[in-house]
Structures are given as structure tokens and as C-alpha cells.
Amino acid sequence: MQLRYAFRMYPNGPQRSALARAFGCARVVYNDALRARETARAGGEAFPKTGDLSKLLITEAKKTEERAWLGEVSAVVLQQSLRDLDTAYRNFFDGLKGKRPRMGAPRFKSRKDNRQAVRFTANARWNITTGGDLSLPKIGDVRVKWSRNLPSTPSTVTVIKDAAGRYSCSFVIETEADETLPEVAGQVGIDLGLSHFAILSDGTKIDSPRFLRRAEKRLKRAQQALSRKARGSSNRGKARLKVARAHAKVADARREFHHQLSTKIIRENQAVAVEDLAVKGLARTRLAKSVHDAGWSAFTAMLEYKAVRYGRTLVKIGRFEPTSQVCSQCGVKDGPKPLNVREWTCGVCGAVLGRDINAAVNVAKAAGLAVSACRAQVGPGLVPAQRVEAGTHRDGQTAVVGISSL
């Protein structure tokens, strides 16, 4: 399988200017090609082919006074921009045919877009120097912070500038043929939630970090400072950068949490079951901010590709499976329950069921995993304590202590 390795880049002043020219030229060629195809479509003509667009918008355009500056960047970058447009159209038409989820038609790019990127193939003759720098044509040797070694020689590199002004280089690598981990006996079902990020069928509860909620005050102050700056001023640009960096810090922390947890679960279990949640629907409710803060889709995507990479089994059960309505002990379905009901007693077998752990066990069972409900912290109902045992005395006053299950 193919994996993407990303590393931070630290270009100097002239190199940042050269990268800005590359971003701008690639954007102009993309927009020119999109305009040519939309004009042909509006006129009822056939779409121009990529080869014809390359000759017209790159080779011939460089000879004109209006587009002479296209020659200041590598031609490979401009060719890849046309290929990106081809991919965008292909994905759009595949969505209309039902071959993939629907997506919008290609749109024009703006210099104000949060993300700018250019791609260099082997034809551009880029390389990694003996000193560890990334040598790019017409840009120079850019310093890179390597956090790990590349397992093989990549054929392409993508240079990215994000909204926070950070530069990174991304390599697509073909992984080794066999990275399968030794088999283990563990099998686990996962119920994703908000009060706890994940509840496992063995009773383990992983607290929700709530990175966005914890950073709300800092984000609010940065956004308020941005709103007070005059539009078009340099101070507004600096304030916008502070907001983007604050959001990037939250996103990076969430991504790191997802990576560590997904890797731990995949390494410790041979089979993993997870529910296919309707995240888009939940994001339209009053819980939208908490749902986005949790990042369930990104987490399940990590579980999916790591299971393939390391030879594990990942099973997704349907989102309409009544995991919160069925007793994991006796299998009786007793109907839906409001969200505030976190614990109840089964009317048939008398087991006291915790909503989340019971759902995790049912997720595993629905996926066909051999899990036992005996470790899911369910059991017979509690015996009410006597009144004399249900309180403590402090300064002569009786304080009632509530009794609840785990």
C-alpha cells in the first residue's frame, strides 16, 4: 500500500519568494485550463485535451508578454497543475455516476486560499542532498527536519504551505510487502462517544481530550483581536496568522491523539469492530461543536488503513444497529432511550447495564467477534443500603451519599 510521509520545511527568504512564485504560476495555469474547459462546455464543444491545454497555456503562453513569467518556475509544476484539474473533473463525474461520494464541480483557485501546494515529479530532478536538504529546481536547497527515515525512494514530492504559514514536504512511499504484526488473541468492539472519546468492550474508557473546548478562550481572544483590525492592513494579516496558528495547534494535538490511540488498539487486538456513525447528520445538531472536536471520522480512517497495513481485521457495523437498545447479557431489545439515561436495569435478566460499555459489547457481537459481556461491567442490580449506612455525619449534619454502579 501507499503511505504519505510529511516533514516540516524551513525555507529562507529567497526560497519563500520562489515558492510563492511557484504557487502563483500553478494556480494561474489551473484557472486558465478550467476557464478554457468551461468555455468549451458552455459553447457545446468537446472538452480540450490535456495535451492541447499544455501546449496552449504553458508552451505558447510563455512566449507572450502577459504570461512570460511562467518561465520562472519549473515546467513540471505547471504540468502537474493540469493533471490536478483532470483528477478534479474525474472525481466529479465519478460522483455523478455513483462510483464515489458526490462532490462539487472544479472551482477556480484563489491566492487567498488557506492551502497552497505544488508537486514535483522525478522529471523535475529534485533530490535529497547528502546534508539532508531538499533540492528543488529553481528554488534551491531547502532545510528539512527529518523525524524518521524514508523506507524507500519516493518518486514525487509535494510542497505545501498551510493557513498558519508553515511549509511541509510530503512524500508518497510504497510500503514493504510484509508489515504484518504477530497475531494476538485480543478482539474488541469500540463505542465512540462525547463524554468519553471511546469505550471498549473490555470495559476500558478513554477520556475525551476536548482539544477545541480547552482552547476556546485562547481562540476567542485571537479572533476578537482579528475582528478589530482594519481590512487590508498588515496588522490584520498578522492577526489572521495568529488565529490560524492557534487552530493548527488544536488540529495537530487532536491528530497526534488519534494516531497514538489507533496504533495502540491495532497492536493489541487482532480484530476491531466500530460503528459507522452518521457524522454529517450529527454535525447538524446542537452537539455539532463537540462532534467536530472529537474527530470520529479521522480516527476510524486511521484504524482502517492501519488494520490493512499490519494485517489486522476491522469490521464496520451499520449505523442503524440498535447497540444501545439491546441487553448485552440476554439479548432482549427494550427500545430506545434518551441520552440522559446512562444506566438502566434489564427487565428480563436484571443486569445493570452501563449505556456505553453495553453498546461497545453489542458492537463487537454485531461484528461477529467472540467477546464476553462478563468483562463489560454489567451484573446483578445493587442492593439498596440501609438508611443508617447511606450517609456520613459532619458537624452534626447528615449528608446523603448516592450509590451508583461503575
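What is the stretch 1-155's relative contact order, in percent, from Cα pairs under 8 angstrom and six or more apart in sequence? All intermediate terms of the calculation are to be shown ahead of the outcome.
Working: 157 pairs, mean separation 47.9, N = 155.
Normalised by residue count, the contact order of the stretch 1-155 is 31 percent.
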3J(HN,Hα) from dihedral phi, the stretch 92-97, Karplus parametrisation 6.51/-1.76/1.60, rounded to Hz, x for glycine, proline: 5, 5, 5, x, 5, 7
Ignoring solvent entirely, what values of log10 I(q)/I(0) come out of the Debye formula for the chain at 0.10, 0.11, 0.13 Å⁻¹ when each Cα is a single scatterer? -0.91, -1.04, -1.27
Would you work out what percent of the accessible area of the chain, with all protein chains in place, is carbon or sulfur (probe 1.4 Å)? 50
Per-residue HN-Hα couplings for the stretch 118-134, Karplus 6.51 cos²θ - 1.76 cosθ + 1.60 at θ = phi - 60°, whole Hz, x for Gly and Pro? 9, 10, 10, 9, 4, 5, 6, 6, 7, 7, 9, 6, 5, x, x, 8, 9
Per-residue counts of other Cβ atoms within 10 Å, averaged by peptide: what ranking do you get for 62-72, 29-39, highest first? 29-39, 62-72
Would you mind getting me the FRET efficiency between LYS229 and LYS62? Use the beta-carbon distance for r and R0 = 30 Å, nearest 0.05. 0.15
Here FRET efficiency (C-beta to C-beta, ASN127 to ASP334, R₀ 60 Å, nearest 0.05) is 0.40
Spelling it out for GLU343: with amide H atoms placed in the peptide plane at 1.01 Å from N, the residues 5 or more places away or on another chain with amide H under 5 Å from its amide H are ARG355
Candidates ALA271, ALA22, ALA124: whichever shows maximal mean-square fluctuation once the chain is modelled as a Gaussian network with Cα springs under 10 Å: ALA124
Taking Cα pairs under 8 Å and at least six residues apart, what relative contact order does the chain come out at, in percent? 14
Considering only C-alpha atoms, what is the centroid distance from the stretch 248-268 to the stretch 84-105, in Å? 30
Using a Gaussian network for the chain with springs between C-alpha atoms less than 10 Å apart, which of these wobbles most: GLY186, GLY104, GLY165? GLY104
Could you go through the stretch 47-53 in sequence order and give the Karplus-derived ³J(HN,Hα) for each residue, using 6.51 cos²θ - 1.76 cosθ + 1.60 with θ = phi - 60°, rounded to whole Hz, and x for Gly and Pro? 5, x, 6, 4, x, 5, 5
VAL291 accessible area, 1.4 Å probe, all protein chains in place, Å² to nearest 10: 10
Relative contact order as a percentage, the stretch 276-358, C-alpha pairs under 8 Å and 6+ apart, gives 19
Gaussian network model of the chain, Cα springs within a sub-10 Å range: biggest mean-square fluctuation belongs to which of ARG319, ARG148, ARG115? ARG148
For TYR167, other-chain or 5+-apart residues with amide H closer than 5 Å (H placed, Pro excluded) are MET9
In the structure displayed, which of LYS145/LYS264; LYS161/LYS205; LYS229/LYS249 lie more than 31 Å apart, Cα to Cα? LYS161/LYS205
Excluding ligands, DNA and RNA, what is the solvent-accessible area per residue of the chain at a probe of 1.4 Å, expressed in Å²? 59
For the stretch 72-171, the Cα-Cα pair-distance distribution in 10 Å bins from 0, as whole percents, is 13, 37, 32, 15, 2
Can you tell me the 0 to 90 degree angle between the C-alpha axis of helix 234-268 and the longest principal axis of the chain, rounded to 10? 50
On full extension of the chain, what length is gained from LEU150 through VAL348, given 0.36 nm per residue of separation minus the C-alpha to C-alpha distance? 65.5 nm
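The values are calculated or read from the model by the stated rules, or taken from the named source; none is laboratory data. Not measured: the values here are computed from a predicted model. FYI the Cβ positions are ideal-geometry reconstructions off the backbone, even for glycines, and counts take in every protein chain you see. Remember, those area values only see protein heavy atoms, side chains included, never the ligands or the DNA or RNA. Shrake-Rupley method; radii C 1.70, N 1.55, O 1.52, S 1.80 Å.
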